[in-house]
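Worksheet for the structure shown next.
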Amino acid sequence: MSAVAASVMPAPGVLRRSATFLYRRPGLYLVLLLVPPLLWFGTVYLGSLLALLANSFYAIDEFTAKIVYQPTLATFKQVVTQPAHIDIILRTLLMAVAVTIACACIAMPIANYMTRYASPRAKALFYVGVMLPMWTSYLVKVYAWRLILAKQGILSWLLDSVGLGGALDTLLRLPGVGGPSLSSSYLGMFIVFVYMWLPYMILPLAASLERVPVSLLQASADLGARPGQTFRNVVLPLVLPGLAAGSVFTFSLTLGDYIIPSVVGAPGYFIGMMVYQQQGTAGNIPLAAAFSVVPIVLIMIYLSLAKRAGAFDAL
Amino acid sequence: MRSEAANWNRPSSGARLAAYAALAFMHVPVLVIILYAFTTDDRTYAFPLPGVTLHWFSVAFARTDIWDAMRMSLGVAALATLGAIVLGSLTALAMSRTRFWGREGITFLLVLPIALPGIVTGIALLSAIKLAHLNPGFWTIVAGHTTFCIVIVYNNVVARLRRLPQNWIEASMDLGADGWQTFRYIVLPQMATALLAGGMLAFALSFDEIIVTLFTAGHDKTLPIWFFNELFRPRERPVTNVVAVIVMVVTFIPILLAYYLTKPADER
């Protein structure tokens, strides 16, 4: 404190005069604060997005494999008309929807238990317990699932030892979802996606469940509603924003992921893998750019739907 | 009445069991990774483990490629964190109290890199790198990481600044302190732990990032990229587990610190 008092005494130095100068001009002060971050975002991030957009309007010359820098819609046409590409988009969309629904169904009881029934200490345990896996290294988790789902891995050992090995084999023989082992089937990929994004669904759901007044539930019960009816008619409408917020994460994260499909993978391609492969081995950046516009558009559509459900009040 | 209400609010033991089982299940993969770091079997993922050994730790520590990747990752994370701390706290200082035109737009812009899928950020950065004829490598990785780390620092700091009572600042000014002194003696000490926590989370996020990094790395290898390549190589698999354990430890320490740095402030 004495240091402050002492520095008050002498004639105002440059620092003090500059402070006063800025204090009298809040607008200038604001601009000075905002210039560095906005410059960064403007050049690095918005610049990149513009470059992405620009690239998607170029096309690759089929003979020389060089990018032709002339605006064209040919690449976009390629994305939305080739049957193989439409397959990829539909497959990714289907997976994203399935993962979102599964996450919501699993997260709801957990979030409900931790917000309504758990004692304060148990609640803290639940919050840390949900957040810890969320912050665990992404790649490590994916790798762990590869170990768990592998042929002769933990899961098949577990199922064998309780006598359900045959059931797993039947499941894997199903067309569409099956494969040679869980670690190379759509079913396995689905399990990994659900596991990975589950915390992103639980946390917003729990946040909106916390805000449901207990008195409403009591009133509903007093009026003769069974627990199921109370859930459907009272709780669900109230937590819809949280559900929508969580689903934005699960949906968007699934749409853009390319690591999980390539590590725990069935043979079919996903949007993310297509983008990664086109920019890498194929060297076709325009096609990769045009393909990456697909998840952006899908997410924009989803966001506008979620916004109608009030997702952004819960974020 | 009261006992009835308590009864009404009691969960079935089945629900309790399911909730705890789900919570435990979320931690299984981590345990699996640690378990397999000690296996004697380096070709398959057979369970139960055929034997237990510490051999892979010494193998991992002797491999220089791991250490090179580790150094690269630490360097990237340190620089990206530094950039994010500077830019994030500048934004937080500007946004915490004043309302101005375009404020909503800036919030939106900050969230965009983590709201859009990582692959979009990745391919966008790559498009820009290619269009500008830059060589992808260490510095392009740092630029990418800084961009999505800013919002982490910003969120932490802006939340703390909003809770800082305005009259503290007024009192400081009334006592004759100028803007710099008020910042140095009032604002900075108050936001320090939030800044540190944000920085730690940003560090952990950057150290572990793969989706954007694969696009911007060129031929350079961060630890996650090393890890990713290793997943498709069947040789010496347990070494991958050893590195996984190291990665978890390196990311967990800052996250736990960040948690404890911000927690007491919330309870105060």
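Odds and ends about this structure:
- A:Gly265 at pLDDT below 90, in a loop (DSSP other than H, G, I, E, B), more than 9 Å from chain B (Cβ to nearest Cβ) and under 28 Å from A:Gly176 (Cα atoms): yes
- If only residues of segment A:203-231 that are of a type in the set (A, V, I, L, M) and either loosely packed, with under 13 Cβ neighbours inside 10 Å or not assigned by TED's automatic domain parsing to the domain that holds A:Thr115 (or both) are counted, the one that is farthest from A:Tyr127 (Cα to Cα) is A:Leu223.
The rows are residues; the columns are (1) of a type in the set (Val, Ile, Thr); (2) modelled with pLDDT of 85 or more.
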| site | (1), (2) |
| --- | --- |
| B:Leu23 | no, yes |
| B:His27 | no, yes |
| B:Ile34 | yes, yes |
| B:Thr44 | yes, no |
| B:Gly51 | no, no |
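- Scan of segment A:99-111 for residues that are more than 8 Å from chain B (Cβ to nearest Cβ) and closer than 17 Å to B:Ser12 by Cα, ordered by number: A:Met108, A:Ala111
- All of (1) out of contact with any Ser or Thr (no Cβ under 6 Å at 6 or more places or on another chain); (2) over 26 Å from B:Thr44 (Cβ atoms); (3) within 12 Å of another protein chain (Cβ to nearest Cβ) hold for B:Ala204 with one exception: (1).
- Pairs where the first residue, in segment A:124-146, is within 7 Å of chain B (Cβ to nearest Cβ) and free of Cβ contacts under 8 Å to residues at least 40 places away in the same chain and the second is among the charged types (D, E, K, R) and part of a helix (DSSP H, G or I), C-beta under 8 Å, 6+ apart: A:Ser137/B:Asp208
- B:Leu231 being modelled with pLDDT under 90 and under 23 Å from A:Val130 (Cα atoms): no
- Residue satisfying all of: in segment B:97-118; touching a residue at least 40 places away in the same chain (Cβ under 8 Å) and surrounded by fewer than 18 Cβ atoms within 10 Å (Cβ to Cβ); farthest from the chain's Cα centre (by Cα) among these: B:Arg97
- Tabulated pairs, segment A:14-38, first more than 9 Å from chain B (Cβ to nearest Cβ) and without any contact (Cβ under 8 Å) to a residue 12 or more places away in the chain, second surrounded by 17 or more Cβ atoms within 10 Å (Cβ to Cβ) and in a helix (DSSP H, G or I), C-beta under 7 angstrom, 6+ apart or interchain: A:Leu28/A:Leu22
- Selection status of A:Tyr143, within 30 Å of A:Ser215 (Cα to Cα) and either buried (at least 18 other Cβ atoms within 10 Å of the Cβ) or out of contact with any Ser or Thr (no Cβ under 8 Å at 6 or more places or on another chain) (or both): no
- Applying the condition of being of a type outside the set (A, V, I, L, M, F, W, C) and without any contact (Cβ under 8 Å) to a residue 24 or more places away in the chain to segment B:119-162 and asking which residue is nearest to A:Ile271 (Cα to Cα) yields B:Ser127.
- For segment B:119-143, taking the residues that are polar (S, T, N, Q) and more than 7 Å from chain A (Cβ to nearest Cβ), the one that is surrounded by the fewest Cβ atoms within 10 Å (Cβ to Cβ) is identified as B:Asn135.
- Failed condition for B:Val142, given (1) within 24 Å of A:Gly283 (Cα to Cα); (2) not in a helix (DSSP H, G or I): (2)
- Test: B:Thr193 is of a type in the set (Val, Ile, Thr) and more than 8 Å from chain A (Cβ to nearest Cβ): yes
- Number of residues in segment A:275-298 that are surrounded by fewer than 24 Cβ atoms within 10 Å (Cβ to Cβ) and more than 8 Å from chain B (Cβ to nearest Cβ): the value is 11.
- Residue in segment B:207-222 that is part of a helix (DSSP H, G or I) and free of Cβ contacts under 8 Å to residues at least 60 places away in the same chain present: yes
- Residues in segment B:184-198 that are within 30 Å of B:Lys221 (Cα to Cα) and surrounded by fewer than 24 Cβ atoms within 10 Å (Cβ to Cβ): 2 in all.
- Among the residues of segment B:213-242, those that are within 27 Å of B:Pro117 (Cα to Cα), aliphatic (A, V, I, L, M) and surrounded by fewer than 24 Cβ atoms within 10 Å (Cβ to Cβ) comprise B:Leu214, B:Ala217, B:Ile225, B:Leu231.
The values are calculated or read from the model by the stated rules, or taken from the named source; none is laboratory data. All of these numbers come straight from a predicted model, not from anything done at the bench. Methodologically, a virtual Cβ is constructed for each residue, glycine included, from the backbone with ideal geometry; neighbour enumeration extends over all protein chains shown.
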